[in-house]
1. Quick one: in the range 172-219, which of the residues that are of a type in the set (S, T, N, Q) and farther than 25 Å from Ser110 by Cα is farthest from the chain's Cα centre (by Cα)?
2. Mind telling me which of the residues Asp66, Asp33 ends up being at pLDDT below 85 and either aromatic (Phe, Trp, Tyr) or within 30 Å of Leu149 (Cβ to Cβ) (or both)?
3. Within the set of pairs 6 or more residues apart or between chains, which connect a residue that is on the phi > 0 side of the Ramachandran plot inside the range 78-96 to a residue that is open to solvent by 70 Å² or more (accessible area, probe 1.4 Å) with Cβ atoms less than 7 Å apart?
4. Would you check which residues across the range 86-103 are assigned to a strand (DSSP E or B) and either open to solvent by 40 Å² or more (accessible area, probe 1.4 Å) or not aromatic (Phe, Trp, Tyr) (or both) and list them?
Amino acid sequence: MKGYIASVAARRLFVFLAAGAVIYAILSLAPGDPAQVILGKPAIYLYPQEETEVFVNVKLAQGQFDVTEPALGDGWRVTARPDGVLTDETGQNWPYLFWEASCSAQFDFSQGFVVPGRQAEEFLLLSLGKLGLNAQETADFMEFWLPQLEENPYNLIAFQQQAYTDLARLEIDPAPDSLIRVFMAWKPIDKPMEILPQPLQAPARQGFTVVEWGGSRVE
């Protein structure tokens, strides 16, 4: 009798543990809660084929702007030249349009790269070229982000496309022929980890080209 009771108890314990394991597995696959992040220093470059009056606006899905330069108002209205120089309505020249915002976001790290801090410069030079940035845009990107990556033992990096597009939509009139948006989400980590490499490619720069880059540090 005692053996039978012990057997029943063991079976019930096994079923309980198995059910717990299934529930844990399901929960582990579910997406986590969105984190509060800074969409850091997105910079927008305009390269028309001839001097052109351009309207640009950034529409956030949620969150708020922390800073915009020049002041965004209901959108930027600038005169853009083929060399990238932008002149606002007050006559001031700008190399690019700048904005930064705070919002809740969930980025995709199913693919990406683990980059030692000491190799961050080499990684960015290679990756940003593949993503379509030219030499000046790459230098501007690295001036802002490289010091932050270099100070960490390792960095988990994933360039975002859909998640960033969902967070911040660009309105541009006249519409560009080519649009390149590069957004880097990254986390400082203490040791290497396995991750599926992310393929990188960019559309050709043809006609009126608009380029934007930015990033977020995710804790």
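1. Among residues in the range 172-219 that are of a type in the set (S, T, N, Q) and farther than 25 Å from Ser110 by Cα, the one farthest from the chain's Cα centre (by Cα) is Gln206.
2. When all the criteria are applied, what remains is Asp33.
3. From residues that are on the phi > 0 side of the Ramachandran plot, the pairs are Gly84/Pro95.
4. Passing the criteria: Leu86, Thr87, Asn93, Trp94, Leu97, Glu100, Ala101, Ser102, Cys103.
The values are calculated or read from the model by the stated rules, or taken from the named source; none is laboratory data. A quick note: this is a predicted structure, and the numbers were derived from the prediction, not measured. Glycine also receives a Cβ, built like all others from the backbone with ideal geometry; neighbour counts cover every protein chain displayed. Ligands, DNA and RNA are excluded from the accessible area calculation, which covers all protein heavy atoms including side chains. Shrake-Rupley method; radii C 1.70, N 1.55, O 1.52, S 1.80 Å.
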